[in-house]
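*Asks:* One structure coming up, written as structure tokens, with questions to follow.
Since every read-out is calculated from the coordinates, none of them should be taken as a lab result. In this text, all values refer to a predicted model and were calculated from it rather than measured experimentally. Because the Cβ atoms are built from the backbone with ideal geometry, glycine has one as well, and the counts that use them run over all protein chains shown.
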Amino acid sequence: MVRNEKELEAVILVRRPAQRYHRGLVTGLMAGFALFVATNWLVLKGGAVVGPHLLLLNQFFLGYRVTFRGSLIGFAWAFCLGFAAGFAIVRIYNALVGLRPSGTAGPT
């Protein structure tokens, strides 16, 4: 339990760097899971031509195909891209918040 404001501030400062990675992990998992589900949905749906629009992602994600194996490769690529995007957004946000004068009130 935190006894005073100094201890609370120390706890927050220790946990703050971990939050950057946490946001990146969540964004990466969401992006990877979305691509995994979309790919497998089309694979299970089947048909003569399976996911021609989703197949265009193989231009960016090497090894990606609209197959179960491709969904695993796509998950890895989307996770990496999502992690990088989430991490960058948090870094930019923290940098912008750091530019704000300390006496101004933040969002409520």
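*Asks:* Once you wrap a convex hull around the alpha carbon atoms of the stretch 32-73, what is its projected area averaged over all directions, in nm²?
*Replies:* Seen from a random direction, the Cα hull of the stretch 32-73 projects 2.6 nm² on average.
*Asks:* Can you compute the modelled spin-label distance between Ile92 and Glu7, with each label point 7 Å from Cα toward Cβ, in nm?
*Replies:* 3.9 nm
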